[in-house]
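Following: one structure in structure tokens, then a few remarks.
The values are calculated or read from the model by the stated rules, or taken from the named source; none is laboratory data. Predicted model, so just to flag it, every value in this text is computed and none were measured. Here the Cβ positions follow ideal geometry from the backbone for every residue, glycine too, while neighbour counts run over all protein chains shown. Heavy atoms of the whole protein, side chains included, go into the accessibility calculation; ligands, DNA and RNA do not. Shrake-Rupley method; radii C 1.70, N 1.55, O 1.52, S 1.80 Å.
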Amino acid sequence: MSSGNAVVSRNVRLLREQRGLSLAELARQAGLAKQTLSNLEQGTGNPTVDTLFSIAAALGVPVTRLVAEREQMMTVQRGDEGVWQEHGGYKSRSLDHIYGSGVIENYLLRVVRGPEGTTTPSEPHPVGTLEHLYVINGRVRVGPVESPVELAAGDFVRYPGDRPHLYESLVDESLLHVVVSVPRVQPGTGGSNPTRTQGNGRR
């Protein structure tokens with residue numbers, strides 16, 4: 001199995017399973033033979049560009065989600081890198097965008113600095129969850145436990161929320177805006193409905 005095929009195989013299987021879709025159902029929605037999709041998920045297929053676009057459309061994601069390593073899903077935008085666009089009476093700064101639908105939750109987090117080494121990681125959210133975090137004020141270390149980043153006021157990061165992650169203030173108190181996007185699960189496909197991350201004690 002080539003490294004490229006392995007990435008596509010893992011991503012297609014992950015996205016299919018988080019939507020509760022069977023191989024047959026995803027193949028039907030993408031207009032492909034079930035065996036073609038099975039070969040792709042096993043890493044033995046050699047998908048064409050048209051095949052990848054058909055699968056991405058059926059999953060409701062951009063085709064880049066099929067070919068990117070999961071580690072590449074972390075994106076950092078520093079405050080001085082932001083581009084402000086004029087819109088008549090106001091200006092806007094784009095932080096990030098995602099595709100598809102599901103549960104979208106918005107939070108303001110106040111994080112206080114504790115004794116060194118006492119930060120407890122937050123539990124993973126459902127598979128496929130992304131967290132989008134903007135630092136309003138303060139300075140923090142946030143993100144997946146194995147690869148956190150340090151951010152200051154005005155910085156933005158997006159990272160996978162389906163693995164243990166942390167929020168650690170590096171000053172007395174930091175204020176964060178967090179958007180949690182939990183992927184949709186299509187009704188009638190065998191998946192469970194997304195639950196609120198705040199309500200189930202996962203934050």
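Under the Karplus relation 6.51 cos²θ - 1.76 cosθ + 1.60, θ = phi - 60°, what is the ordered set of whole-Hz ³J(HN,Hα) values for the stretch 40-54, x standing for Gly and Pro?
5, 5, 8, x, 9, x, 10, x, 7, 4, 4, 5, 5, 5, 5
Heavy-atom accessible area of VAL178 with all protein chains present, probe 1.4 Å, nearest 10 Å²?
Accessible area of VAL178: about 0 Å².
Classify the stretch 73-148 from the C-alpha gyration tensor, please: rounded if a/c falls under 1.5, else prolate or oblate depending on whether a/b exceeds b/c.
Oblate, because a/c is 1.5 or more while a/b does not exceed b/c.
For an R0 of 45 angstrom, estimate the FRET efficiency from the Cβ-Cβ distance between THR48 and LEU170 and round to the nearest 0.05.
0.40
Please give the contour-minus-distance gain from GLN35 to ARG93: 0.36 nm per residue of separation, less the Cα-Cα distance, rounded to one decimal in nm. Show your work: numbers first, answer last.
Details: separation 58, 0.36 × 58 = 20.88 nm, distance 4.47 nm.
Full-extension gain reported as 16.4 nm.
Can you compute the FRET efficiency between LEU23 and VAL149 using 1/(1 + (r/R0)^6), with r the Cβ-Cβ distance and R0 = 41 Å? Round to the nearest 0.05. Walk me through the intermediate numbers first.
On the way: r = 37 Å, r/R0 = 0.90.
For LEU23 and VAL149, the calculated efficiency is 0.65.
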